[in-house]
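The block underneath contains the structure these notes are about, expressed in structure tokens.
Please treat every number below as a calculation from the coordinates, not as lab data. On a predicted model such as this, the values are computed, not experimentally measured, just so you know. All Cβ positions, glycine included, derive from the backbone under ideal geometry; neighbour counts span all protein chains shown.
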Protein chains: 2
Amino acid sequence: MRAEIITIGDELLIGQVVDTNSAWMAERLNEQGIELYQITSVHDERAHIITALDEAFGRADIILTTGGLGPTKDDITKQVLCDYFDTYLIEDPHVRAHILELYKDRPDVLNRLTATQWMVPQCAEILENRVGSAPLMVFHRSEKLLVTMPGVPYEMKIAMEEQVLPYINEQRTKDNGQRTSIIHRTLQVTGIAESALAIEIEDFEKSLPSYVHLAYLPKDGIIRLRLSGYGEASAEEMDRLFGHLKDCVAPHLIADTDDPIEVLVGNRLKQMGATIATAESCTGGKLASLLNRHAGSSAFYWGSIISYDNSVKEQLLGVPAEMIKSHGVVSEGVVCRMANAVRRQIHTDYAIATSGIAGPTGGSKEKPVGTVWIAWATPQGTTAECFHLGKLREQVTDRACTKALVGLLKILNNHSSICK
Amino acid sequence: MRAEIITIGDELLIGQVVDTNSAWMAERLNEQGIELYQITSVHDERAHIITALDEAFGRADIILTTGGLGPTKDDITKQVLCDYFDTYLIEDPHVRAHILELYKDRPDVLNRLTATQWMVPQCAEILENRVGSAPLMVFHRSEKLLVTMPGVPYEMKIAMEEQVLPYINEQRTKDNGQRTSIIHRTLQVTGIAESALAIEIEDFEKSLPSYVHLAYLPKDGIIRLRLSGYGEASAEEMDRLFGHLKDCVAPHLIADTDDPIEVLVGNRLKQMGATIATAESCTGGKLASLLNRHAGSSAFYWGSIISYDNSVKEQLLGVPAEMIKSHGVVSEGVVCRMANAVRRQIHTDYAIATSGIAGPTGGSKEKPVGTVWIAWATPQGTTAECFHLGKLREQVTDRACTKALVGLLKILNNHSSICK
């Protein structure tokens, strides 16, 4: 079973908005064994939308659209679909009641434009959009299905999880009961170049059956290796192949799941009953916000001191002004002091500190842009390492966070128990 | 002149990677007066890539591809293009010399797989990829152009800025010297619903000429209004229409540029010579990392105390344990204390504090998930406000950051000078 996504909206095509919806939808579809064949982004333009619909119906069984469903004039998806399916708008009393209830405390929203939201295509089936006014419309065309969703990410996510995926699954069961399978297994390695890794596992890769693919996804010093099995691949066969792959990359392995590095670290800390704090200069809070990004992080993440200005390093973290003067603020001594101080002040088991030159200015011949010192303070002592992480500001800080977390994960994996 | 982007890679279609490249490329193309007509994401699959190329050549003058250029087996773009343009691979001595130089200190990378990177299609023109080994290949087909770029964002960005855009502009000048124009003007408003705004500016919208479009982009409580002029629109006419639009939305206006809110705040602080610190609970460092995200932020952002655990609020920010017990940690009293304490400790002019329930757990009937208190400490005193920001963890923290920054911007715009 094959799906396609059509994202509708000029904002995507002039670069005003990054499409984060499609990746999220792709993951959900794959979990259900539905292959996402193509993503197409088109303008809020009648002819363009119609061409994209024609092409997608030619390739896929399910078409999901996002965007263009607002009450304002620039949003035309609903009207174009009316024409495409040769139908007309009627008032839907359920949608009307729902919108009136949704905005009962918002008289400013209950205006005549919002009222256009309860006019829906006569031939469409309407699913409930619990959190917004844009209609979730389902159109049938022979055996195929088109579902519209709003482009606002959190509305789309709720619609997809609560309405669209259950609806699609019900239709599939009705149609034939048959479920194809797509199985992904991902592991993560670090400390090796992509090409060198490919040579190391060349024999393994050659031995794979035609219906199992291997993909390499390098990012910020971590390479994710993904095995994907289509159709014929059974869960048992995938497990066996994945086990074999794990053996091949064992010296470099940091995880046998696709979890982001901050989740791996968080899970390990929770497992150990240990806590962490950070003292950040160049990463400026990014490391903190990664550590508390996911639900449940209060179990292990306690807090941070972001010492962007040197005065904060001196006054809140007790780094001596002379040390900054003699060694420079990007130095082993300073970053170790920062890590020890924050660990002591916030009373955690572990602490990470970063100090570096994110750029674009501030570099020198000895310490060019991209130079980052990272320290890890642990119950067993403090260690630090210097990295060179590129030239672009965002790249430097992202990579510094990854290095900091990978370094911590390695330390944690060597600490079977902690002594508080 | 019309362009299309084809992104090649299974990782996009199984949701393992979010496509941030396309939005960035779209913006650069628009700046050059090149319309991006469509973005198409396809699998690492021969037939799929070829169909996408055929369709794109049918619609656009310039096709930009990203992805599939690595040295590993899953990357097939180069070979597919060889077949598509009926050519074969030859060794390119310049690319070879460049790659040998690039990795001269990395013997682990200089292996036989990396050596395949200097084999390039005989009929392609090669542009230099300064920071990586994937070839930037240019193919000509009658008057049209196809350029390949790597999918790694920072490599793509350097390739695009240093090589691809200059190359395209040179070709255009050679061809006809003619430049069409695309002019975007964006302003930002807050404190009004999208539909209510649309009604307020209905007459203005109706009066627009056919070649000027108005678009609404709501996100986290800010609505961006974009005027886009195509072809006939002159800069003078766009300025005039934009001025008119600004007058129409004056009571809600927070900016007449498309700059993100943290840039607006940063610019205003720099202009005033003022500094800022944050004390964050539910936003967990996200606000800090927004404030120091852009180059030059050390001029105004000094540091933060991230007090995720209550012990940090008590010990580092001096919030009395009894206050937390009697009022709750998500309360006006606590958040004002946090803001005042961090402002005093880090010696800044302004400070922001956040305390809220990001969820999914921790909510109660009186304080449901999404409840966030934000305080602003200023030289003129401290104010606080309570918000209800939705149900999803990431949405709550993103919106809290936006509310915090919008609130600060309003305060700063009322402070013409500061008294330190």
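List of remarks:
- MRE, 222 nm, helices only [DSSP H, n ≥ 4, -39500 (n - 2.57), over chain B, to nearest 500]: -11500 deg cm²/dmol
- Computed lengthening from residue A:79 to residue A:253, 0.36 nm per intervening residue step minus Cα-Cα distance: 57.4 nm
- Rounded to whole Hz, the Karplus (6.51, -1.76, 1.60) HN-Hα couplings of region B:302-317, x for glycine and proline: 9, x, 8, 10, 9, 10, 5, 8, 4, 4, 6, 4, 6, 7, 8, 10
- Viscosity 0.692 mPa s, 37 °C: Kirkwood-radius Stokes-Einstein D of the protein assembly as shown over Cα pairs, µm²/s: 115 µm²/s
- Of the chymotrypsin sites (Phe, Trp or Tyr not before Pro) found in region A:185-248, those that fall in a DSSP loop while having at most 12 other beta-carbon atoms within 10 Å are A:211.
- Ordered by the count of other Cβ atoms within 10 Å of each Cβ, fewest first, B:28, A:240, B:393 give A:240, B:28, B:393.
- Spatially, region B:312-375 and region A:34-81 are offset by 45 Å when compared through their Cα centroids.
- Cα-based helix-to-principal-axis angle, A:332-346 vs chain A, degrees rounded to 10: 70 degrees
- Acute angle (nearest 10 degrees) that the helix B:393-414 long axis makes with the longest principal axis of chain B, alpha-carbon atoms: 70 degrees
- Residue of chain A with the Cβ closest to the rotation axis carrying A onto B, and that distance rounded to whole Å: A:285, 2.
- FRET efficiency estimate (nearest 0.05) - Cβ-Cβ, residue B:232 to residue A:385, R0 51 angstrom: 0.30
- 20 Å tail of the calculated P(r), region B:261-414, as % of Cα pairs: 42 percent
- Rounded to the nearest Hz, the phi-derived 3J(HN,Hα) couplings of region B:275-281 under the Karplus curve 6.51 cos²θ - 1.76 cosθ + 1.60 (θ = phi - 60°) are 10, 9, 9, 10, 10, 10, 10, where x marks glycine and proline.
- The alpha-carbon positions of region B:271-328 define a convex hull whose volume is 90 Å³ per residue.
- Phi angles of region B:258-270 translate, via the Karplus equation with coefficients 6.51, -1.76, 1.60 and θ = phi - 60°, into HN-Hα couplings of 8, 4, x, 4, 5, 6, 4, 5, x, 4, 5, 5, 4 Hz per residue; Gly and Pro are given as x.
- Cut-off under 5 Å, modelled amide H: who pairs with residue B:389 long-range: B:371, B:372
- Summarising the amide proton neighbourhood of residue A:36: residues at separation of 5 or more, or on other chains, whose placed amide H is nearer than 5 Å comprise A:3.
- Mean separation of Cα contacts under 8 Å, 6 or more apart, over the residue count of chain A: relative contact order %: 10 percent
- The residues A:385, B:35, when put in order of fewest to most other Cβ atoms within 10 Å, stand as A:385, B:35.
- Working from Cα pairs under 8 Å separated by at least six residues, relative contact order for region A:261-414 is 24 percent.
- Of all DSSP bridge pairs formed entirely within chain A, close to 60 percent run antiparallel.
- With distances taken between every two different alpha-carbon atoms, chain A has a Kirkwood hydrodynamic radius of 25.0 Å.
- DSSP beta bridges in the protein assembly as shown [antiparallel fraction, %, rounded to 5]: 65 percent
- Length available on full extension from residue A:115 to residue A:101: 0.36 nm per residue minus the Cα-Cα distance, which gives 3.8 nm.
- When all alpha carbon pairs of region A:199-322 are counted in 10 Å bins from zero, the resulting P(r) reads 11, 29, 24, 20, 11, 5, 1 %.
- Residue among A:47, A:266, A:241 farthest towards the positive dipole end of chain A, charges placed on Cβ: A:266
- Rough spin-label spacing in nm, given labels placed 7 Å along Cα→Cβ, for residue B:295 and residue B:240: 3.8 nm
- Amide H partners (placed H, <5 Å) of residue B:136, local residues excluded: B:127, B:129
- Distances from residue B:259 to itself in the other copies, using label points 7 Å out along the Cα-Cβ axis, amount to 4.1 nm in increasing order.
- Separation between Cα centres of region A:248-288 and region B:127-187, rounded to whole Å: 38 Å
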